[in-house]
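Input: a single structure, listed below in structure tokens.
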2 protein chains.
Amino acid sequence: MRSELGVSLAYGLLATLGQSIVTGEFDKTGFPTEAELCVKFGASRTVMREAVKMLSAKGLISSRQRQGTRVEPVENWNLLDPDVLRWLMERPYSNKIFLEFAQMRLAIEPAAAALAAENQDRPAIASIREGLQAMIDHAGQPDLALKADIDFHVAILKASGNPFFWRLKPLITNALNLSIQLTNKIAGHMADIQAHQSILVAIEKGDADTARRSSEAILVESVNLIGKVQAA
Amino acid sequence: MRSELGVSLAYGLLATLGQSIVTGEFDKTGFPTEAELCVKFGASRTVMREAVKMLSAKGLISSRQRQGTRVEPVENWNLLDPDVLRWLMERPYSNKIFLEFAQMRLAIEPAAAALAAENQDRPAIASIREGLQAMIDHAGQPDLALKADIDFHVAILKASGNPFFWRLKPLITNALNLSIQLTNKIAGHMADIQAHQSILVAIEKGDADTARRSSEAILVESVNLIGKVQAA
DNA sequence: TTACAGAAAAAAATACTATTTAAAAACCAG
DNA sequence: CTGGTTTTTAAATAGTATTTTTTTCTGTAA
């Protein structure tokens, strides 16, 4: 069997199974045996096993001889894996995880902004500025404005010089892209350009405290917004 | 071929290859082909491919038909995967990543402590207290004291109620276990029980600000300590 | 005749299929 | 409770398919 979209069969199965797992599809029935999965998806055992192995590398399942494969408890899932988080956020009723992720951003991004102010990585700071400029330029076009907003936040992570912060790029990119569907329910929400600018200025001046506080202000706002949506 | 230590062959290869990759073993030569790996490790192609697929699920490598498999640039590695981080920290000359990880803890743990104070999850708070008590009881036994210290910090993540924080448990556990080798070089370093206690008290009182600041104090200390080791 | 462009063929690597054997753990009969 | 049976994943083996790079060939124009 050949896969449709340039995606290899194993990766296609990875995505399909991953999404099914996070939506709880196997909670009642238990995870199928290799043989069952093969007939269900019309794939060879080898490919199936490769997909299963990738899922277990992400903490979603585990296999043992004779016992079969089972879905791991949620606390073993690697939430900080970009794929896993995306599957979770794409699933219906994912409001809670958006709020929890926003809380984590509230811990991370202000720290990253402060580090960026100390780090003074000129090219990275230039990227932050470009992001802000694009936000201003495309204020009327939601799609472009969102992209610019994401670029701005991600550029700060990069400018922090800390690879752990930088590694959150795909997670935050996904989360912001998807959270639009959530926050659009709140009438006319738009990114606060003034607030973003004050982060940039502080970083450029090397003022870590102000950078941290300005970043915090934006993210507190974001957490509150998502909290409101959740309540509604 | 059977593997030695109860670990399946595929997982054994995952670890071996993962460690080799992060130590830069393939930087010059490029990643071997499937066939070469099979002869090198005496494994079948099937298991080899399963190991390779798991590594690619963690972002360390990527494979394409005809082109072979290559090591991904570091910024694509999933640093927040417990395995990947452990491999990185176990490798020689890993001082820098300990410092960077400590910076991330400095962002996360105070936020977790603050959330824990608000969240008031009684069983989780009891675990924090148990960790502190064990620290006191085993003050003279480095191994047990370290274990208690780790339990204390991890329990705070749990008490925060935020699964993203909680997910850092294996990362922090590993990091603290390994960082002992680093910080022991600094004469007679020991965990500050007073400081730990003040976090617990603040969390129990629901005083989020004090919890955050107390946690911050400990972690700033930790960052400074690791910074000193690095300089030495 | 030479140079070059384009097409066709070959090669090299992973992707996938199929099948068999091994090992482990649960189950069941006695 | 012991020992064999069964089920399910683990691993090995062999071969086909697919993709993409590289090479080779060929025809045409200078």
Can you give me the relative contact order of chain A as a percent, contacts being Cα pairs under 8 Å and 6 or more apart? 20 percent
Place the label 7 angstrom along Cα→C-beta at B:PRO123 and in each other copy, then list the distances from the first to the rest in nm, shortest first. 5.0
Per-residue HN-Hα couplings for segment A:50-60, Karplus 6.51 cos²θ - 1.76 cosθ + 1.60 at θ = phi - 60°, whole Hz, x for Gly and Pro? 5, 5, 4, 5, 5, 5, 6, 5, 9, x, 7
Can you tally the net charge around B:ALA175? Count Lys and Arg as +1, Asp and Glu as -1, for every other residue whose Cβ sits under 10 Å from the Cβ of B:ALA175. +2
Measuring from a point 7 Å out along Cα→Cβ, what nm distances, shortest first, does B:GLN197 have to its partners in the other copies? 5.1
Of B:LEU157, B:GLN197, B:GLY227, farthest towards positive along the dipole that unit charges on Lys, Arg, Asp, Glu beta carbons give segment B:93-231: B:GLY227
On a full-extension model of 0.36 nm per residue, what is the gain between A:THR46 and A:GLN230, subtracting their alpha-carbon distance, rounded to one decimal in nm? 62.0 nm
Starting at the first residue of segment B:168-178, write each ³J(HN,Hα) from the Karplus equation 6.51 cos²θ - 1.76 cosθ + 1.60 with θ = phi - 60°, in whole Hz, x for Gly and Pro. 7, 3, x, 5, 5, 4, 4, 4, 5, 4, 7
Taking θ = phi - 60°, what integer Hz values does the Karplus form 6.51 cos²θ - 1.76 cosθ + 1.60 yield along segment A:206-221, in sequence order, with x for Gly and Pro? x, 8, 5, 4, 5, 4, 4, 5, 5, 4, 4, 4, 5, 6, 4, 4
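Rounded to the nearest 20 Debye, what is the dipole magnitude of chain A about its Cα centre when Lys and Arg each give +1 and Asp and Glu each give -1 at the C-beta? Display every interim value, and only then the final one.
On the way: 25 positive and 26 negative charges, 167 e Å.
Approximately 800 debye in magnitude.
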So what's the back-of-envelope 222 nm ellipticity for chain B, counting only DSSP H runs of four-plus at -39500 (n - 2.57) apiece and dividing by all residues, rounded to 500? -22500 deg cm²/dmol
Quick one: which residues, 5+ away or cross-chain, put their amide H under 5 Å from the amide H of B:SER62? H built at 1.01 Å from N. B:ARG70, B:GLU72
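Averaged across B:44-56, how many Cβ atoms of other chains sit within 10 Å of each residue's Cβ atom?
Working: counts 0, 1, 4, 2, 0, 6, 8, 2, 2, 12, 7, 2, 5.
What the average comes to for B:44-56 is 4.
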Taking only Cα atoms, what is the 0 to 90° angle, nearest 10, from helix B:95-119's long axis to the longest principal axis of chain B? 50 degrees
For residues of A:154-166, the mean tally of beta carbons on other chains within 10 Å: 3
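Between their Cα atoms, which of A:LYS58/B:LYS28; A:LYS158/B:LYS96; A:LYS28/A:LYS58; B:LYS96/B:LYS147; A:LYS147/A:LYS169; B:LYS147/B:LYS228 are more than 19 Å away from each other? Can you show the working numbers first?
Values: A:LYS58/B:LYS28 29 Å; A:LYS158/B:LYS96 17 Å; A:LYS28/A:LYS58 22 Å; B:LYS96/B:LYS147 24 Å; A:LYS147/A:LYS169 13 Å; B:LYS147/B:LYS228 23 Å.
Beyond 19 Å between Cα atoms: A:LYS58/B:LYS28; A:LYS28/A:LYS58; B:LYS96/B:LYS147; B:LYS147/B:LYS228.
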Helix A:122-137: angle to the longest alpha-carbon principal axis of chain A, degrees 0 to 90, nearest 10? 90 degrees
Simple spin-label estimate for B:SER63 and B:ILE193 in nanometres, 7 Å along Cα-Cβ: 5.4 nm
Which of these, B:ILE199, B:ILE156, B:ILE61, has the largest mean-square fluctuation under a Gaussian network model of chain B (Cα springs below 10 Å)? B:ILE61
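Roughly how big is the protein assembly as shown's charge dipole about its Cα centre, with Cβ charges of +1 (Lys, Arg) and -1 (Asp, Glu), in debye to the nearest 20? Don't jump to the answer; show the numbers that get you there.
Details: 50 positive and 52 negative charges, 281 e Å.
Roughly 1360 debye for the protein assembly as shown.
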Mind listing the label-point distances from A:PRO142 to the same position on all other copies, shortest first, one decimal in nm, points 7 Å along Cα→Cβ? 6.0
Using a 1.4 Å probe on the protein heavy atoms only, what accessible surface does B:VAL22 show? Give it in Å² to the nearest 10. 10 Å²
So which residue, out of B:PHE41, B:PHE164, B:PHE26, gets the largest mean-square fluctuation from a GNM of chain B using Cα contacts under 10 Å as springs? B:PHE41
If ligands, DNA and RNA are left out, what is the accessible area of B:LYS228 with a 1.4 Å probe, given in Å² to the nearest 10? 130 Å²
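Roughly how big is the B-A contact, given as buried accessible area in Å² (both sides, 1.4 Å probe, nearest 100)? Numbers along the way, then the final one.
Details: alone 12850 and 12880 Å², together 22570 Å².
So the total buried area for this chain pair works out to about 3200 Å².
The values are calculated or read from the model by the stated rules, or taken from the named source; none is laboratory data. Since this is a predicted model, take the numbers as computed values, not measurements. Cβ sites come from the backbone with ideal geometry, for glycine too, and all protein chains shown count toward neighbours. Just so you know, the surface numbers come from the protein's heavy atoms only, side chains and all, with ligands and any DNA or RNA stripped out. Shrake-Rupley method; radii C 1.70, N 1.55, O 1.52, S 1.80 Å.
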